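Okay, so here's the structure we're looking at.
The values are calculated or read from the model by the stated rules, or taken from the named source; none is laboratory data. What you are looking at is a predicted structure, and each value in this text was computed from that prediction instead of being measured. Here the Cβ positions follow ideal geometry from the backbone for every residue, glycine too, while neighbour counts run over all protein chains shown. When the accessible area is computed, the model is the full protein with side chains, heavy atoms only, and any ligands, DNA or RNA have been set aside. Shrake-Rupley method; radii C 1.70, N 1.55, O 1.52, S 1.80 Å.
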Amino acid sequence: MNAANIEGFLKSTGNDVLQEKMWIEIINRMESLYAKLANRQEEIENKNRELLKTKEFVENIIKNMADALIVLDSKGNIKMVNHTALEILGYKDEEILGRPMELIFEKTDGRSLIMGGSKLEELLRDGVIKDFEIFFRSRDGERIPMVLSGSVMRNTYNDIDAIICVAKDLRDTKRLLAEKARAEAEKAKADELTRAYNKLQELKEQLIQSEKMASLGQLAAGVAHEINNPLSGILTYGHLLLRKLKQDDPNREDIEIIVNETNRCSEIVHGLLDFARQTKPKMVNANITKLIDETLSIMENQFYIKDIKVIKNLKEDTPEIMLDVNQIQQVFINILLNSIEAMSEGGTIRVASDCDQKYVYITFQDNGYGIPEEIIGKIFDPFFTTKSGEKGTGLGLSVSYGIIERHNGTIEVKSKLNEGTTFIIKLPLEESK
Ligand SMILES: Nc1ncnc2c1ncn2[C@@H]1O[C@H](COP(=O)(O)OP(=O)(O)OP(=O)(O)O)[C@@H](O)[C@H]1O
Ligand SMILES: [Mg+2]
């Protein structure tokens, strides 16, 4: 009931009782209105409390964010920063809020990277940029590498409300990456040095060996030449004497010994001449696998007698190479004989061949008594032997070394005492000199 209605009502009744009723009615309605108002107020207060809680919650999230949060207004002034951002930059809230973003975003060419550069256009066009690397400038001038993502917040009229930037401090990552790169570079350098050192050591050993061989070769060649002629004389006269003597002559046996020993000397001299490169290799095209097979069959009987098992792992399709068949066979025999002699109670010899673009590789591996470390550097020296009496002259390997060298190849040895010895021969596929 409104005021006009009440007036009309009073006039129409003119009655006191009715007037009182009317007031009661008014009061009742006012009370109900007050109650509604009170309810509304409580509702609003509750809403306010909820809003406050939500605000605190959001602020807490922002405060505890591990990344820096920087909110800019549409003019590029700093509107809000979180705790992490302040910590990274070294500013206090009041020193930074309301200031232009150039205070903290490093400029390039006098333009702020984000606001002046093409990145802003990208940000405004797409509403978002992701993982953009920039530098922050801290309060004390430090350039801080950051990776930044940004997004534009617009209101219902599509005007820019704020630009929200979240940035991650890259200093630790960069430092770790730099340390990793440094460590890797150092390791590569150390590896390179080790490789170079090993190579040098290898070259040094090769040089020592070939120098030793060269001078020993000259010496041997000289001595062999000098001895060869008198030896031929001794042999010729020995044979003559034998022919002259009767079968039952008591001197016959002594002279036979002289002839046999002279023959042995002659063999040694030939070995020396081989070693001293006096015999020129007769190069022909040959299949190395076939040659190994042939050599193994020649020696089959000796393996059998000595209870030695031979395991072959030969590459069938190695290309033919130019070599002196007799000389290379001589090398194989020398190596195999040494292996047989190193396995007094039987054992296993593994023979393998392989090739790549440049070389053929032949490996002889025995499980004999091995070579002590202190003598392994000497085994290719002429006359170096550990075999007593007439068993060894110490020429087998030195002759072999000379032959392989003349074929432009290499011969290497690896050995472990009481475990065995391996010889690796490398011959070039290209025509040897
Ligand atoms: N497979 C092997 N196992 C153990 N020692 C070996 C082996 N091959 C070579 N050697 C060592 O190297 C030395 C030199 O070998 P090399 O063949 O030159 O001479 P040798 O066998 O002693 O005598 P020669 O071969 O003239 O009869 C041997 O005396 C031996 O000590
Ligand atoms: Mg030998």
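General remarks:
- With every protein chain in place, the chain: carbon and sulfur % of accessible area (1.4 Å): 53 percent
- Near the amide H of Val310, within less than 5 Å, lie the amide hydrogens of Ile349, all on another chain or at least 5 residues away, with H placed in the peptide plane.
- Packing, as the average of other Cβ atoms within 10 Å across residues, places the peptides 96-103, 422-429 in the order 422-429, 96-103, highest first.
- Put simply, when 237-250, 326-339 are sorted by average Cβ atoms within 10 angstrom per residue, most first, you get 326-339, 237-250.
- Taking the convex hull of the alpha carbon positions in the chain and averaging its projected area over all directions gives 48.5 nm².
- A cut-off under 14 angstrom between Cβ atoms defines the neighbours of Asp67, and their net charge, with Lys, Arg +1 and Asp, Glu -1, is 0.
- With all protein chains modelled, accessible area of Arg350 [1.4 Å, Å²]: 120 Å²
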